[in-house]
Amino acid sequence: MKTTERFSYSEDQIIEQNYSWQSLAKLLNYILPYRRKLVGIGSSLFLSVGIKLIIPLLIAYAIDHAMNPYNRQKSLELLYPSA
């Protein structure tokens, strides 16, 4: 038995069908009642990704400006503001 025959199954040939836009339209009909939830999920996804991208920028700003080795007084004022 050849190794190519060993891992070849007749069910694998079904994948080669053309894409059906009608199947997508049927799927969208089921999703329409949940439109608001999907918009909320998508917007919270973008918001969380945006926050995760901002955190390194804030850390870089803190290192560059608040932890200034040349002006320790300014660094202490930024880290511990007087009340």
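So that you can scan it fast, the table gives a plain yes or no per residue for (1) at positive phi; (2) out of contact with any Ser or Thr (no Cβ under 6 Å at 6 or more places or on another chain); (3) open to solvent by 100 Å² or more (accessible area, probe 1.4 Å); (4) at pLDDT 70 or above:
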position	(1), (2), (3), (4)
Lys2	no, yes, yes, no
Arg6	no, yes, yes, no
Gln17	no, yes, yes, no
Leu32	no, yes, no, yes
Phe46	no, yes, yes, yes
Ile51	no, yes, no, yes
Ile55	no, yes, no, yes
Tyr61	no, yes, yes, yes
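Please tell me if Leu24 is assigned to a helix (DSSP H, G or I), modelled with pLDDT of 70 or more and open to solvent by 90 Å² or more (accessible area, probe 1.4 Å).
Considered against the rule, which asks whether it is assigned to a helix (DSSP H, G or I), modelled with pLDDT of 70 or more and open to solvent by 90 Å² or more (accessible area, probe 1.4 Å), Leu24 comes out as no.
The values are calculated or read from the model by the stated rules, or taken from the named source; none is laboratory data. Remember, predicted model here, so these are calculated numbers, not experimental data. All Cβ positions, even for glycine, are placed from backbone atoms using ideal geometry, and neighbour counts span all protein chains on display. Heavy atoms of the whole protein, side chains included, go into the accessibility calculation; ligands, DNA and RNA do not. Shrake-Rupley method; radii C 1.70, N 1.55, O 1.52, S 1.80 Å.
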